Amino acid sequence: MFKGNKLYLTGFFLILFLPLLAVSPWFFPPEWGKAMAFRIILSVILSSFIWQLFSDRFFFEEIKKKYQVGKKTIWLLGSILLLAVVATFFSLDVNFSLWSSPHRSGGLVHFIFCILLAILLFLIPKDRDWSRFWDFAFIIGNIVVLFAFVQYFNLLPQIFVGYEGRPVSTLANPILLAIYLLLLIFPAAALAIKESSKKKYFYWVSTALFLLGIFISGSRAAYLGLAVAGAYFFLLHPKKMKRAKIAILSVLMVITVGVLFVSLTPKLPGFIESNPRLSLLAKRVSLDSIFQALGNTRFSGWKTFSKAVQEKPIFGWGTENQAIAFDKYYDPNLNYLVRLGANWWDRAHNLFLDLSLSYGIPFLLLYLFFFGYLFFKLQRTKTEQPGKTTAAHAVQSIFIAYFIALFFGFDSVTTYLTLFFIIGYALYLIHKDPGQQHDKQSDLFYSLAKKKYVVMPIFGLAMAFFLWQYALVPLSVNSQITSAEDVACKQKLATMGSLLDQDTFLNSYVRLKYVEYVKSCAEYISDNEIEYIKKTIQALKEGSVEQSQYTRTWILLADFNNTLLAATQDPAEKEALKQESLSFVAEAKKLSPYRHEVFTAEIKTYFAMLDFQNMIRVSEECVAVDKNAAGCYWYLGLAQLMTEDQVAGKSNIQLAEQKGY
């Protein structure tokens, strides 16, 4: 780290701390809080970096030397960034692709910041800083695992809220917890093997904790990634470890036997059956469960997303727009999706499909080429720089584990931050230190120095505006939404009503949350229901302008408008409302033509008009498309009863009940 400047070191430590950040209401949902905090921290680092480039000749020359050494890799990263930016211009929802929402917290801006993080990590830190970074990352990872243990075993219930199911710790999902730990486990194991001092015990304990954390997460994709990458790490480790390699082979054999045992045994031993945690883990690793979850369910989703990739192969649909692609090609005949109720996918649960959908196939190929290039350069590093051999081998193992696990999973803010931290480390490993040689100084620094008092104030103002408008204000807005969730309906709706008047990139998200809170306060608004319905419809209309490709906005508009339609007595007004509801349904059908929810909204429109013939027509269209649409069978039966077709009506209502209506 450059002498006299601890800001960078502090900033990088804060970024490594972010996986632990999950504080309500400001930093909740967890991945959203991490994304906003990362945006603020890296902006400060970047501003300081640019100022120092303009002001410090020694700093400028050192950065220039590092750039010259790694410029091919930096330009390759820049090409990935450029292709992502170009693809976003063709996004079906550019605003959402740029900023996303608290629900997923991704977006192009976050991706840009991750690439900048990797480049800055290559340019700024010194050799000795990396050991500090890894030690700190392991400490944070250990604490994350300890929180997972607290959740999993329901420890300290007086302090921590109980959590049922697989633990998420300070992340948003057990899958993300497993992938985060998967990114840390091999560097910890590598340092444990390499270290000869007492510090090795810290690394071994960290490795063990990460392993246990992955185990209790229940992520089968992470198990697979760990097994394959673990075999590569130990069996092909540059250091001769005959006993360790025999032990790893033995462990892999034991795991294989264990999986076969729980898969083929009709009734498991009593100590497993009687323990909810053990029985859940046994069920998740059984071959039948794996084939259904990673096979049938995933394949159904992948089939849908693959059709979308074929429609837009060059630039994709825009990052964060996977839901748009899925809705368009949603097929209700894919029973594994419908049976699980998992018919609203906004991720493909496959890294390769997600990247193709987000930015296009050319981006995917370039992205994979970049990792292949790093893997190849790391292999050369193992022979050309003996001091970095173990570290390079660990990073190669990370990449293997990551791509195997993400074949069945998806990224998040935390996993992206950790991955690009590792990419920055890989850039450090594959490039030799330029040393202290002093090349002939160019006039570029002096040219920049003369302009710093013009450029930097402009840059500073732009950065301040960016942080205020696209980090601090959204943080405040979302914190108010989160806080409103647990208060009385009067205060809840008042808070959300005031947020409707603010203009941020969260406009559509705010309006959808307002609708959610209105629906949760049905009893409270009952005395003034029509007024709230009208306000909700107006909010949804505004949201549809911001995010016109979101199917559920149009369905909600039709549903609330139908409620207003049913309450209206004036014939002219009723007809106008009917036409408006049908226009909302038409927009939803354009986006997702085969969803029973869309047909149901249309059926309700005709029901509010007591138009039973059109109810029958649309209901029959619905059940012809989706034979599992219980609601459509029920409305079909109701309409038939109202038109005195008693036999068919009773039969369809009975069928609806059999299907779970």
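The values are calculated or read from the model by the stated rules, or taken from the named source; none is laboratory data. Note that the structure is a prediction, hence the values are computed from the model and not measured. Because the Cβ atoms are built from the backbone with ideal geometry, glycine has one as well, and the counts that use them run over all protein chains shown. These area figures cover heavy atoms from the full protein model, side chains too; ligands, DNA and RNA do not enter into them. Shrake-Rupley method; radii C 1.70, N 1.55, O 1.52, S 1.80 Å.
For residues in the stretch 66-111 being open to solvent by 10 Å² or more (accessible area, probe 1.4 Å) and in contact with a His (Cβ under 9 Å, 6 or more places away or on another chain), which is nearest to GLU546 (Cα to Cα)?
Among those that are open to solvent by 10 Å² or more (accessible area, probe 1.4 Å) and in contact with a His (Cβ under 9 Å, 6 or more places away or on another chain), it is TRP99.
On the given criteria, is LYS535 part of a helix (DSSP H, G or I), farther than 24 Å from VAL625 by Cβ and open to solvent by 40 Å² or more (accessible area, probe 1.4 Å)?
Against the criterion (part of a helix (DSSP H, G or I), farther than 24 Å from VAL625 by Cβ and open to solvent by 40 Å² or more (accessible area, probe 1.4 Å)), LYS535 qualifies.
Looking at the stretch 492-511, can you tell me whether even one residue there is under 18 Å from ASP559 (Cα atoms) and of a type outside the set (Gly, Ala, Ser)?
The answer is yes, given that some residue of the stretch 492-511 is under 18 Å from ASP559 (Cα atoms) and of a type outside the set (Gly, Ala, Ser).
Check LEU236 against each of (1) open to solvent by 70 Å² or more (accessible area, probe 1.4 Å); (2) touching a helix residue (DSSP H, G or I) at 6+ places or on another chain (Cβ under 7 Å); (3) under 23 Å from TYR402 (Cα atoms); (4) not polar (S, T, N, Q) and name the one condition it does not meet.
Only one criterion is unmet by LEU236, namely (2).
Look at GLY213 and say whether it is at pLDDT 90 or above and either open to solvent by less than 50 Å² (accessible area, probe 1.4 Å) or part of a helix (DSSP H, G or I) (or both).
Yes; evaluated as a whole, the condition is true for this residue.
Conditions tested, residue by residue: (1) of a type in the set (A, V, I, L, M, F, W, C); (2) within 24 Å of the chain's Cα centre (by Cα).
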| residue | (1), (2) |
| --- | --- |
| TYR180 | no, yes |
| PHE186 | yes, yes |
| LYS194 | no, no |
| ALA208 | yes, no |
| LEU211 | yes, yes |
| ILE216 | yes, yes |
| SER219 | no, yes |
| LEU224 | yes, yes |
| TYR232 | no, no |
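Residue under question is LEU183, and the condition is that it be within 28 Å of PRO313 (Cα to Cα), among the aliphatic types (A, V, I, L, M) and in a helix (DSSP H, G or I); does it hold?
Taking the combined requirement at face value, the residue does not satisfy it.
What are the residues in the stretch 613-641 that are part of a helix (DSSP H, G or I) and either charged (D, E, K, R) or at positive phi (or both), if any?
ARG617, GLU620, GLU621
Which helices (runs of 4 or more DSSP H) sit wholly inside the stretch 308-396 and have at least 1 residues that are open to solvent by 20 Å² or more (accessible area, probe 1.4 Å) and modelled with pLDDT under 95?
The helices (runs of 4 or more DSSP H) meeting that bar are 322-329, 335-339, 361-384.
Among the residues of the stretch 400-416, which ones are open to solvent by 10 Å² or more (accessible area, probe 1.4 Å) and either part of a loop (DSSP other than H, G, I, E, B) or closer than 18 Å to ALA137 by Cβ (or both)?
If the condition is that a residue be open to solvent by 10 Å² or more (accessible area, probe 1.4 Å) and either part of a loop (DSSP other than H, G, I, E, B) or closer than 18 Å to ALA137 by Cβ (or both), then PHE407, PHE408, ASP411, SER412, TYR416 are the ones that fit.
Please name all residue pairs, on different chains or six or more residues apart, with Cβ atoms under 6 Å, provided the first residue is in the stretch 70-99 and is free of Cβ contacts under 8 Å to residues at least 40 places away in the same chain and the second residue is open to solvent by less than 60 Å² (accessible area, probe 1.4 Å) and in a helix (DSSP H, G or I).
Pairs that qualify, where the first residue is free of Cβ contacts under 8 Å to residues at least 40 places away in the same chain and the partner is open to solvent by less than 60 Å² (accessible area, probe 1.4 Å) and in a helix (DSSP H, G or I), are LEU81/ILE115.
Among the residues of the stretch 1-59, write down those that are open to solvent by less than 60 Å² (accessible area, probe 1.4 Å) and of a type in the set (Phe, Trp, Tyr).
PHE2, TYR8, PHE12, PHE13, PHE27, TRP32, PHE38, PHE49, PHE54, PHE59
Could you run through the stretch 542-556 and say how many residues are among the hydrophobic types (A, V, I, L, M, F, W, C) and surrounded by fewer than 20 Cβ atoms within 10 Å (Cβ to Cβ)?
1
Can you find, within the stretch 136-151, the residue that is nearest to PHE13 (Cα to Cα) among those that are open to solvent by 10 Å² or more (accessible area, probe 1.4 Å) and of a type in the set (A, V, I, L, M)?
Only one residue fits best here, namely ILE139.
For the stretch 126-140, indicate whether the set of residues that are over 29 Å from LYS6 (Cα atoms), small (Gly, Ala, Ser), touching a Phe, Trp or Tyr at 6+ places or on another chain (Cβ under 9 Å) and part of a helix (DSSP H, G or I) is non-empty.
no
Does the stretch 198-205 contain at least one residue that is open to solvent by 10 Å² or more (accessible area, probe 1.4 Å) and in contact with a Pro (Cβ under 9 Å, 6 or more places away or on another chain)?
Within the stretch 198-205 (the criterion being open to solvent by 10 Å² or more (accessible area, probe 1.4 Å) and in contact with a Pro (Cβ under 9 Å, 6 or more places away or on another chain)), the answer is no, since none of the residues qualifies.
If you take the residues of the stretch 597-615 that are open to solvent by less than 50 Å² (accessible area, probe 1.4 Å) and aromatic (Phe, Trp, Tyr), which of them is farthest from the chain's Cα centre (by Cα)?
Only one residue tops the list, namely PHE612.
From the set of residues in the stretch 616-627 that are buried (at least 21 other Cβ atoms within 10 Å of the Cβ) and over 36 Å from the mean Cα position of the chain (by Cα), which is nearest to ALA588 (Cα to Cα)?
Result: VAL618.
Kindly indicate whether SER526 is open to solvent by 50 Å² or more (accessible area, probe 1.4 Å) and within 19 Å of PRO29 (Cβ to Cβ).
So SER526 fails the test.
Yes or no: ALA567 surrounded by fewer than 22 Cβ atoms within 10 Å (Cβ to Cβ) and at pLDDT below 95?
For ALA567, the condition - surrounded by fewer than 22 Cβ atoms within 10 Å (Cβ to Cβ) and at pLDDT below 95 - is met.
Here's the yes/no breakdown for (1) part of a helix (DSSP H, G or I); (2) open to solvent by less than 60 Å² (accessible area, probe 1.4 Å); (3) free of Cβ contacts under 8 Å to residues at least 12 places away in the same chain:
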site: PHE466; (1), (2), (3): yes, yes, no
site: PRO474; (1), (2), (3): yes, yes, no
site: ILE481; (1), (2), (3): yes, yes, no
site: GLN491; (1), (2), (3): yes, no, yes
site: THR495; (1), (2), (3): yes, yes, no
site: PHE505; (1), (2), (3): no, yes, no
site: TYR514; (1), (2), (3): yes, yes, no
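Residue check: is GLU575 open to solvent by 10 Å² or more (accessible area, probe 1.4 Å) and closer than 26 Å to CYS632 by Cβ?
yes
State yes or no: is TYR594 open to solvent by 50 Å² or more (accessible area, probe 1.4 Å) and touching a helix residue (DSSP H, G or I) at 6+ places or on another chain (Cβ under 7 Å)?
It is true that TYR594 is open to solvent by 50 Å² or more (accessible area, probe 1.4 Å) and touching a helix residue (DSSP H, G or I) at 6+ places or on another chain (Cβ under 7 Å).
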